[in-house]
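Shown next, in structure tokens, is the structure this report addresses.
The values are calculated or read from the model by the stated rules, or taken from the named source; none is laboratory data. These figures come from a predicted structure and were not determined experimentally. A quick note on method: Cβ atoms are made from the backbone with ideal geometry, for glycine too, and the neighbour counts reach across all protein chains shown. What goes into the accessible areas is simple: the full protein's heavy atoms, side chains included, and nothing from ligands, DNA or RNA. Shrake-Rupley method; radii C 1.70, N 1.55, O 1.52, S 1.80 Å.
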Amino acid sequence: MADPALMDALRAGAGGSADADVGPRPSDLTVRLGRAGDLPAVAAVLIGPYSMALATVVATDETATPDGDLKVRYVFEPTAPGAPDRFVTLLISVDAAHPEVPSLTTAVPAANWHEREMQDLFGIVSVGHPDPRPLVVHDGWPQGVFPLRKAFDGSQRVPVEPADEFPHLVAEGEGVFEIPVGPIHAGIIEPGHFRFTSVGETVLNLDARLFYTHRGLEKRMEGLSPLDAFYVAERICGVCSVAHGLGYCEALEQIADVTAPPRARLIRSIALELERLYNHVGDVGNVCAGASFHYGTAAGMRLKERLQQMNERLAGNRFLRGLVVPGGVRLDLSDDLLGVLAVTLQDTLAGLDSLMERIEANPSVVDRLDDTGILQHQAALDLAVAGVAARASGVDRDARRDHPHGAFAGPEPLDLHVVIASEGDAMARVTVRALEARESIRLVGELVRRLEPGPLQVALVEPLPGGRIGISAIESARGEAVHWLRTDAAGRVERYHLRSPSYHNWPAVVLAAETAIVPDFPLVNKSFELCYSCTDR
Amino acid sequence: MLRILVNALRTGVVTTRYPAEPSVPPDRFRGAPVLRPGSALPPPAVCPAGALSEHLDAGRRHVVLDLARCVFCGRCAEDPWVDAVTMGRDFELAARCRDDLRIEVVADDPTVPAAGPAPDPDAEAARASSEIHRVLGRSLHLRHLDAGSCNACDWELAALLNPVYDVRRLGIDFVASPRHADGVVVTGSVTRNLETAVRRTFDAIPDPRVVIAVGACAASGGIVGKGYASAGGVDRVLPVDVYIPGCPPRPEAIIFGILVAVGRLSARRLAREG
Ligand code: SF4
């Protein structure tokens, strides 16, 4: 329920010109600011005395509605462990003819990319932004074309004009040189461009240019039936298929006012833990590749492969696609499959323990990982970093506990051991990951024990209720992902926005890499192990 | 060090023998949907990927399944179409021609057989590729090109190098530079932001070269389709030699497609079997 002291503090911050309402969920609060100019002061109240963090920023084009404006919602969430599951939305109306809002980035560094993205896709300018370069659109994108405005026809191709250079910070001096890397990399990985400015091996500055895999998926989903759009959401990112599919479903189920049945919620959480497990196990192996420990790489790949083969037995797909659907799950877990699951997890646990022993007993690997790529605790907080990267820098955050979903939202409490380390280096991230994988194995055992016979789905009837908002936060293998969905008057998707954990974590990789030497970048990068595709969408 | 050796020996050989021996996917695996001629086939709107279409021919309803677009979600085989469509277990779906991936079925008359494809669309392509087979058939070095995928296809390509699939045993390897490559495996629908990099990478590969489109997005645009940020498939930008359906294709399906590309296996005639 809304907290009267918080509402008073926010009203005071806005000089009285703020209206507060409950929503989108009953535990949430939406504050409409009468004047956009009050945004920094009100945000400061949330960030400061209420120690909240920026969860996501969602712009919408409502020029065709009676409001006739653009809107921006800055969504905040509490960061104190044990704080209630709540989102506080600061809502401002933006004049489409003069789309300007005050920038929060200097005070709230996590707002940086959100504001640049809003400028590219909606033409909303955050005045005072310290680095207003384009973020999402590259190569000769035409001036004044904003693809997420409703008037823009999303099926229209925008021609490419190859550009050889992009604007970035240039350093000059004796021995200073630039190393361009990507977007096409040497290995089988996703595309991104990294521009190192260095002196010898020392990194002076790193500029990461991403959004190469920007496919326009949010636009693609607009106007679809929310039940069809689910299949797009499930395919935003391969290794987050369960997490993003589930986040979309939970937002949609809020809109439809239904709850998935208990058995479905348990199976959803099992799937989420299995997704975390194959990722974490594979990622421990991949870090070994960055440290040239090939036995570890092969062992990690083999363990991951075994888990993905099990995924295919459980869900018919090695990335667990086709298991979670709106309203519940579409496949059950038979006793046979549960038997396979139990054996596979037991073997995985033994394999992972042995792999970690080999890593820890190998001084040449430990030496590479220790003190490498440090992310300071305060930087992790300022950038609202999520997941393993945050927890390895001492941030006690996990959406399974902080925004309960799946079986965690059930009536019976489910214990979760949130693994924290304080060092913030590559070793800490590897160790946290391995311990979390063990915790996932324990959790799956607990979830399976709780399975009772029962229905797998509730029906979602079309058309879905119009003009409603759903918001959800899911702890994916990479960290907390925030989903925001709204239906139009006809119950179709009006706007969907995903803030993936990697979206907040990429700037942290850059900071951590600047504490390392150039040859350690692959190691630092792999120790964060972020997705490009769910950042870029 | 000794412990590592002991562990390695104890693990033994984990490598599959595919394609020398067939790979049997698990029961729940969703391969190519099988449309039963003469049944009440689902309307195109059922498919979230736009893989189903229909038209009238001589008064009869024809339904066409485009495997290049299919994301194998299983929705068309759910209630109330369980009698009309089943999810098959076939995963060796790679084809040289986009048209070979279109399966046409007559919906309302069981006596009319499934329409076959054009006489032999494969022959021309096969002839063209004999040079590729001669030069690259035994040893193929590929460059991976992510043209805007969701990373699932990329991870499956990476899995080809794991100890289970180990494609180096088949003379296939992945290389870092396009200048060392005999071809590209492309994932993703070709985003606007990658189009320049895709063209330049391809241009850097010496002739003869193969282009293999891996997964629904690369083969057809998939669920991403065509839009302001997506070209809608690799063949809108590069000449594609082989299309590998799947979302993502399982590793064996990719191995099958790569071997088809260099003429070591022949693509099966899916449409005719329809
Ligand atoms: S299985 Fe393929 S054809 Fe059937 S609905 Fe899904 S994407 Fe469409």
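The residues of the range A:217-260 that are surrounded by fewer than 24 Cβ atoms within 10 Å (Cβ to Cβ), at the interface with chain B (Cβ under 10 Å from one of its Cβ atoms) and part of a loop (DSSP other than H, G, I, E, B), listed by number, are A:Leu224, A:Ser225. As for the range B:224-233, it holds no residue that is assigned to a helix (DSSP H, G or I) and touching a helix residue (DSSP H, G or I) at 6+ places or on another chain (Cβ under 7 Å). A:Asn279: in the same structural domain as A:Ser241 (by TED's automatic domain parsing), closer than 22 Å to A:Ala389 by Cα, out of contact with any Pro (no Cβ under 7 Å at 6 or more places or on another chain) and open to solvent by 10 Å² or more (accessible area, probe 1.4 Å), yes or no? No: the conditions fail for A:Asn279. Please go through the range B:44-77 and give me each residue that is open to solvent by 10 Å² or more (accessible area, probe 1.4 Å), in a loop (DSSP other than H, G, I, E, B) and over 19 Å from B:Asp100 (Cβ atoms), ordered by number. Those that are open to solvent by 10 Å² or more (accessible area, probe 1.4 Å), in a loop (DSSP other than H, G, I, E, B) and over 19 Å from B:Asp100 (Cβ atoms): B:Cys47, B:Pro48, B:Ala58, B:Gly59, B:Cys73.
Evaluated against (1) at the interface with chain A (Cβ under 10 Å from one of its Cβ atoms); (2) of a type outside the set (Val, Ile, Thr); (3) surrounded by 22 or more Cβ atoms within 10 Å (Cβ to Cβ), B:Gly183 falls short on exactly one condition, (1).
Looking at the structure I just gave you, is B:Leu67 more than 14 Å from chain A (Cβ to nearest Cβ), under 20 Å from the mean Cα position of the chain (by Cα) and either closer than 30 Å to B:Val82 by Cβ or not small (Gly, Ala, Ser) (or both)? The answer is yes for B:Leu67. Within the bounds of the range A:400-410, is there any residue that is buried (at least 22 other Cβ atoms within 10 Å of the Cβ) and either outside any helix (DSSP H, G or I) or without any contact (Cβ under 8 Å) to a residue 40 or more places away in the chain (or both)? Yes, there is a match, as at least one residue in the range A:400-410 is buried (at least 22 other Cβ atoms within 10 Å of the Cβ) and either outside any helix (DSSP H, G or I) or without any contact (Cβ under 8 Å) to a residue 40 or more places away in the chain (or both).
If I ask for residues that are more than 9 Å from chain A (Cβ to nearest Cβ), open to solvent by less than 10 Å² (accessible area, probe 1.4 Å) and without any contact (Cβ under 8 Å) to a residue 60 or more places away in the chain, which ones from the range B:188-232 would you list? Across the range B:188-232, the qualifying residues are B:Val190, B:Val211, B:Ala213.
Each row is one residue, and each column tells you yes or no for (1) touching a His at 6+ places or on another chain (Cβ under 7 Å); (2) away from the ligand (no atom under 16 Å from the Cβ); (3) closer than 25 Å to B:Gly222 by Cα.
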position: B:Leu5; (1), (2), (3): no, yes, no
position: B:Leu9; (1), (2), (3): no, yes, no
position: B:Thr15; (1), (2), (3): no, yes, no
position: B:Glu21; (1), (2), (3): no, yes, no
position: B:Ser39; (1), (2), (3): no, no, no
position: B:Ala58; (1), (2), (3): no, yes, no
position: B:Ala68; (1), (2), (3): no, no, yes
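Within the range B:41-56, if we keep just the residues that are of a type in the set (A, V, I, L, M, F, W, C) and more than 14 Å from chain A (Cβ to nearest Cβ), the residue that is nearest to the ligand (Cβ to nearest atom) turns out to be B:Leu41. Residue-level check: of (1) more than 14 Å from chain A (Cβ to nearest Cβ); (2) within 16 Å of the ligand (Cβ to nearest atom); (3) not aliphatic (A, V, I, L, M), B:Phe91 misses just (1). Checking the conditions here, which among A:Pro159, A:Pro183, A:Pro147 is in a loop (DSSP other than H, G, I, E, B), within 23 Å of A:Thr515 (Cα to Cα), touching a Gly at 6+ places or on another chain (Cβ under 9 Å) and of a type outside the set (Val, Ile, Thr)? Exactly one of A:Pro159, A:Pro183, A:Pro147 is in a loop (DSSP other than H, G, I, E, B), within 23 Å of A:Thr515 (Cα to Cα), touching a Gly at 6+ places or on another chain (Cβ under 9 Å) and of a type outside the set (Val, Ile, Thr), namely A:Pro183.
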